[in-house]
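The values are calculated or read from the model by the stated rules, or taken from the named source; none is laboratory data. What you see is a predicted model; the values in this text were computed from it and never measured. With ideal geometry, Cβ positions are generated from the backbone for all residues, glycine too; neighbour counts draw on all protein chains shown.
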Amino acid sequence: MTLTVYTKKGCKHCQTFISVAQFSELQHVVYELGRDFSEEEFYAEFGEGATFPQVVQDATPLGGCVESIKALKEQELCCMM
């Protein structure tokens, strides 16, 4: 299982999710806006109005920070929140 985390600089929710993934020892890859993808690519992938971060587990989108942590908790993959 691999998590892909789409982030942007200065995003506290992005940092929170990355911290949870690290604490839970989950394999994850972090992509950053402006370095790895453009705004246009982000919104084309996740839809207008999508917020940061967006997390994808394997090929399944989990959503933002809270939704993603909730989904991982339901799968008993993390113990946060």
Original post:
If the Cβ limit is 6 Å and pairs must be 6+ apart or interchain, which residue in the range 52-81 that is part of a helix (DSSP H, G or I) pairs with which residue that is hydroxyl-bearing (Ser, Thr, Tyr)?
Top reply: Cys65/Thr16
Original post:
Exactly one of (1) without any contact (Cβ under 8 Å) to a residue 12 or more places away in the chain; (2) on the phi < 0 side of the Ramachandran plot is unmet by Gly49. Its number?
Top reply: (2)
Subject >> Odd one out for Met1, checked against (1) assigned to a loop (DSSP other than H, G, I, E, B); (2) under 11 Å from the mean Cα position of the chain (by Cα) >> reply: (2)
Original post:
Would a scan of the range 6-17 turn up a residue that is among the hydrophobic types (A, V, I, L, M, F, W, C), assigned to a helix (DSSP H, G or I), under 27 Å from Glu76 (Cα atoms) and at pLDDT 95 or above?
Top reply: yes
Subject >> Qualifying positions in the range 1-53 - farther than 16 Å from Ala71 by Cα, among the β-branched types (Val, Ile, Thr) and exposed (fewer than 15 other Cβ atoms within 10 Å of the Cβ) >> reply: Val29, Thr51
Original post:
Of these, Cys65, Cys78, which one is surrounded by 14 or more Cβ atoms within 10 Å (Cβ to Cβ), at pLDDT below 95, of a type outside the set (D, E, K, R) and closer than 17 Å to His13 by Cβ?
Top reply: Cys78
Subject >> Residue ID - farthest from Thr60 (Cα to Cα), chosen from residues in the range 10-39 that are touching a residue at least 24 places away in the same chain (Cβ under 8 Å) and among the small types (Gly, Ala, Ser) >> reply: Gly34
